[in-house]
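> The structure under discussion is supplied below as structure tokens; questions concerning it will follow.
The values are calculated or read from the model by the stated rules, or taken from the named source; none is laboratory data. For clarity, every value in this text was computed on a predicted model and none was experimentally measured. Here the Cβ positions follow ideal geometry from the backbone for every residue, glycine too, while neighbour counts run over all protein chains shown. Areas reflect the complete protein model, heavy atoms only, side chains present, ligands, DNA and RNA absent. Shrake-Rupley method; radii C 1.70, N 1.55, O 1.52, S 1.80 Å.
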There are 2 protein chains.
Amino acid sequence: MTNYQPNDTIVALATAHGSSAIAVIRLSGPNAFSVVEDYFYSKEQKRKSLTDKKSHTVHFGTIIHQDIIIDEVLVTIFKGPNSYTGQDSVEISCHGSLFIQQQLLKLFLSSGARMAQPGEFTMRAFLNGKLDLSQAEAVADLIASNSAISHQVAMQQMRGGFSNKIRLLRENLIDFAALIELELDFSEEDVEFANRNDLKNLIAKIIAVIGKLVNSFDVGNVIKNGIPVGIVGKPNAGKSTLLNTLLDDDRAIVSDIPGTTRDTIEDEITIDGVLFRFIDTAGLRTTSDVIEQIGVNKALEVIRKSAIVVYLFDSHEISSGDLKMEIDMLKDHIGDSQLVLVANKIDVENDSDLRKEFNQFPEMIYISAKHHKNIDVLKQKLVSLFDTRTINATDTIVTNARHANALRNAEKALYKVSEGLNGNIAGDLLALDIRYALEELGAITGQVTNEDLLDSIFTRFCIGK
Amino acid sequence: MTNYQPNDTIVALATAHGSSAIAVIRLSGPNAFSVVEDYFYSKEQKRKSLTDKKSHTVHFGTIIHQDIIIDEVLVTIFKGPNSYTGQDSVEISCHGSLFIQQQLLKLFLSSGARMAQPGEFTMRAFLNGKLDLSQAEAVADLIASNSAISHQVAMQQMRGGFSNKIRLLRENLIDFAALIELELDFSEEDVEFANRNDLKNLIAKIIAVIGKLVNSFDVGNVIKNGIPVGIVGKPNAGKSTLLNTLLDDDRAIVSDIPGTTRDTIEDEITIDGVLFRFIDTAGLRTTSDVIEQIGVNKALEVIRKSAIVVYLFDSHEISSGDLKMEIDMLKDHIGDSQLVLVANKIDVENDSDLRKEFNQFPEMIYISAKHHKNIDVLKQKLVSLFDTRTINATDTIVTNARHANALRNAEKALYKVSEGLNGNIAGDLLALDIRYALEELGAITGQVTNEDLLDSIFTRFCIGK
């Protein structure tokens, strides 16, 4: 953190790396205007001032260094505190040539700006009180969001929904602490100012809210990283074909809009705004008896990591009775995971026969991975399984492991307080745990913080944010 | 070109594709403001108008669709004709999440904007008289520029330097035509209003200027595409090591500035702002007698394509006499190309011995490709060879094949006029060729144009420009 000097003027490329129509270079700090003014001229090559311009205005001009025109640019100025960082800031929109981007950065570095650390713009926003810490973290989550739900959760957190909840919890807890400490002040006199029953109710209420937040992390984690789905089945069942079919569909949807092809991670797809992450089954050993192997080989690993297990089989290759046995054995292993039965390789001729053959499995989905048949039915099934796990867009959902951890610590401390109350422990002992819980909650929003924490949070950001 | 409807409102991502701190989405057209206003709200979720704001101002707000907040954004408005395209334009600076970029594009597409064609923003700028055609073409060159010189040439062209030259030529030619046509009007009377000698001088002057421009294309082409350099030599001479050493150096320089690693093309390097393109020698057959093969194998191909031929040899493996023979044979083949002799694998012990051994070759460069020794000397040599071909930053240099072609056509026509003058051909015959030359020059700046031409020019642009 010693590298972060909030009074330096920092500069970075803010747009994605690459040759493009335009690129944006961003500066923030006390000298943001003057660093640019050194090189900023009108089209007629007369010096142009930025300092005397109004905030939030855009100025066309040329950047000239030693009589060489680097570019014709649009310069937008933001005067602190009315900027993202809270400091004087400048955004330069230049032609998206890699050469020009490089030259402009060099120029500003040579006249006193320094390269921004990852996340340093947002850290300044935090240090200047424009965002609290959990909001700042949400900025990175928002940029990384790749599904409607992860986007909404990050957006809500960035806009302060989660912070407000934590602030309210702290206020309740401070009220509670005040009552306890009041009692403490008069402990000599053995007077209980705080009604113990009221205290017990209040702490139970606070614990309940925190508990709900802690539990939401299960869902939150899945939202952020995708719902892990394992596809298991015999080698000839068509697992790779199914995976490719799902991925192709996803890419086709995304690439409908030119210029926005998604950086797809090999095995992630988004269905109805929900991200699913398929777990690699490449390591599965090929054996004709998949059941025999399930207890010992990679399939077990896949199942262990999956929230949803898709059991895929070749509908021509197995009788209903054998399938029943296989599924029963499978069920012994899948624990809390959801099981989806999928009969593959159906065709027009045998469709109704198959449905008769497997009619003891009413939840069975019949598909042809190769011919993209009924893939939508399978997709809807996957989405519905997630829906049943309940997520409400307006719920506050914890997606950040650091927050979940702090909440768990606070919860633990408050349980001790609760036990203490029941055991009639003296107020001064309870106060210690309360203070600890307050600190943990304060760390979430950054009311309580330290350099190492900030360091570990902001180094995960991209440069330029 | 039927796809280009200048009264549609177009939208595109203007920044490079990818996840980043910020991304910019650009709209242009009569409905640019209203398309955005449909979804634009204040932080407190009250509708915000753009139409009533001043041009060149930036407005913070949220983009909301069906109660879902898509993003908090900065919206910059440009009111036509004071915009890049000349039309009402909007730039939306959003969080650089791929998901958000996609959602915003979808939103604007659904409310009446359409996806911009490649180069369509710049084409509108041309159609609205903000740029002439050669300036518009320079925008694409500027974005693609990857060296100081290609950048400067594109910049000069974009700023109208080349256009002014062409305009001046046309004016001279029109003056000339006026004189000829005056003569034509009075031809019945057999009076020569235009002094034939003055005419001859004027046309010679115009031809000279055009000739110089045509010739500059040799250099211009090299600036744009890099100077082709072939490295030839026996298989054990260290050709790949040398190439890798040169490329590594180049990458190291570029990656000094974080976030700006260049998209290096495998065999291009920039030295002192000059781009060199190394010609693949992978296909060279391995034979112990490179000279014997030179006439017949790939080496000849490499030499034919090269402006500079680097002849590399292992300094331990050849005597001065043999080298002399090899070089003499090589010289028979290299034609106009420049030859650079490079002794490789020198070390401290044998350095002075080698220099004695090869003292009949004073221009020889002694390097160790493996140990990065004297690589700078070789680089300076390459740059100096380019410098001797003379290029002056203020010269007008033609880098565009279309322009070179039009100039050549105009030149040809004017030679015919010149011959006609000498042969005392009647004015009405000369006028035809003059008109043709005028048309060719007009096509460069777009004074004379057609849909197919525009189509072929702008489809080479990136989307969003």
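> Taking +1 at the Cβ of each Lys and Arg and -1 at the Cβ of each Asp and Glu, which of A:GLY423, A:LEU247, A:LEU407 sits farthest along the dipole of chain A towards its positive end, judged by Cα position relative to the Cα centre?
Result: A:LEU247, furthest along the dipole toward the positive end.
> Quick one: what are the phi-derived ³J(HN,Hα) couplings along segment B:60-72, Karplus 6.51/-1.76/1.60 with θ = phi - 60°, whole Hz, x for glycine and proline?
Those phi angles translate into 7, x, 10, 9, 10, 10, 6, 6, 9, 7, 6, 6, 8 Hz.
> Something else about it: In peptide A:147-154, how many Cβ atoms from other protein chains are near each Cβ within 10 Å, on average?
3
> Farthest toward the dipole's positive end in chain B, which of B:ALA113, B:ALA208, B:LEU131, given Cβ charges of +1 (Lys, Arg) and -1 (Asp, Glu) about the Cα centre?
Going by the charge dipole, the pick is B:ALA113.
> By how many nm would the segment from A:GLU349 to A:ARG196 grow when fully extended, if each residue of separation counts as 0.36 nm and the alpha-carbon distance is taken off?
The A:GLU349-A:ARG196 span can extend by a further 47.7 nm.
> Residue by residue through segment B:436-442, what is 3J(HN,Hα) from phi via Karplus (6.51 cos²θ - 1.76 cosθ + 1.60, θ = phi - 60°)? Round to whole Hz and write x for glycine and proline.
4, 4, 4, 5, 4, 5, x
> Another question, if that's okay. Can you list residues from other chains, or at least 5 along the same chain, whose modelled amide H is less than 5 Å from the amide H of B:VAL340?
It is B:VAL309, B:VAL310, B:TYR311, by chain and number.
> Now, a different point. From the backbone phi of segment A:143-158, what are the Karplus-calculated ³J(HN,Hα) couplings (6.51 cos²θ - 1.76 cosθ + 1.60, θ = phi - 60°) in whole Hz, Gly and Pro given as x?
For segment A:143-158, the Karplus curve yields 5, 7, 4, 9, 8, 4, 6, 4, 4, 5, 5, 5, 4, 4, 5, 5 Hz.
> Based on the mean of other beta carbon atoms within 10 Å per residue, what is the order of B:435-448, B:38-51, most packed first?
The peptides rank, most packed first, as B:435-448, B:38-51.
> At A:SER384, with labels set 7 Å past Cα in the Cβ direction, how many nm apart are the copies from this one, shortest first?
Those separations, rounded to one decimal, come out as 8.0 nm.
> Where the label is 7 Å out from Cα toward Cβ, how close does B:ASN236 come to the same position in every other copy, in nm, shortest first?
Label point to label point, same position, other copies: 5.7 nm.
> Take the solvent-accessible surface of the protein heavy atoms, probe 1.4 Å, and return the percent of it on segment B:101-175 that carbon and sulfur atoms account for.
51 percent
> Report, to two decimal places, the Cα Rg of the protein assembly as shown normalised by 2.2 N^0.38 Å (N = number of residues).
Rg over 2.2 N^0.38 Å, computed on Cα atoms: 1.22.
> Same structure, new question: Accessible area lost on pairing B with A, both sides, 1.4 Å probe, Å² to nearest 100?
5200 Å²
> Another question about this same structure. Return the calculated 222 nm mean residue ellipticity for chain A, to the nearest 500 deg cm²/dmol, obtained by summing -39500 (n - 2.57) across DSSP H runs with n ≥ 4 and dividing by the residue count.
-15000 deg cm²/dmol
> Under 5 Å between amide hydrogens, which residues at least 5 positions from A:GLY61 or on another chain qualify, with H placed 1.01 Å from N in the peptide plane?
Close amide H contacts, sequence-distant or interchain: A:VAL73, A:VAL75.
> With the label 7 angstrom out along Cα to Cβ, how close does B:GLY321 come to the same site in each of the other copies, in nm, nearest first?
Copy-to-copy label distances at B:GLY321, shortest first: 9.5 nm.
> Counting only heavy atoms of the protein chains, get the accessible area per residue of the protein assembly as shown (1.4 Å probe) and round it to a whole Å² value.
That works out to 44 Å² per residue.
> Another one. Highest mean first, how do B:304-316, B:137-149 rank when packing is the count of other Cβ atoms within 10 Å averaged over residues?
Result, highest mean Cβ count within 10 Å first: B:137-149, B:304-316.
> Follow-up. Antiparallel versus total DSSP beta bridges in chain B: what percent is that, nearest 5?
If I count the DSSP bridges inside chain B, around 65 percent turn out antiparallel.
> Quick one: check the C-alpha center-to-center distance for segment B:112-131 versus segment B:333-381, whole angstrom.
Here the two parts' Cα centres lie 52 Å apart.
> With +1 assigned to the C-beta of every Lys and Arg and -1 to the C-beta of every Asp and Glu, and no other charges, what is the dipole magnitude of the protein assembly as shown about the Cα centre in debye, to the nearest 20?
780 debye
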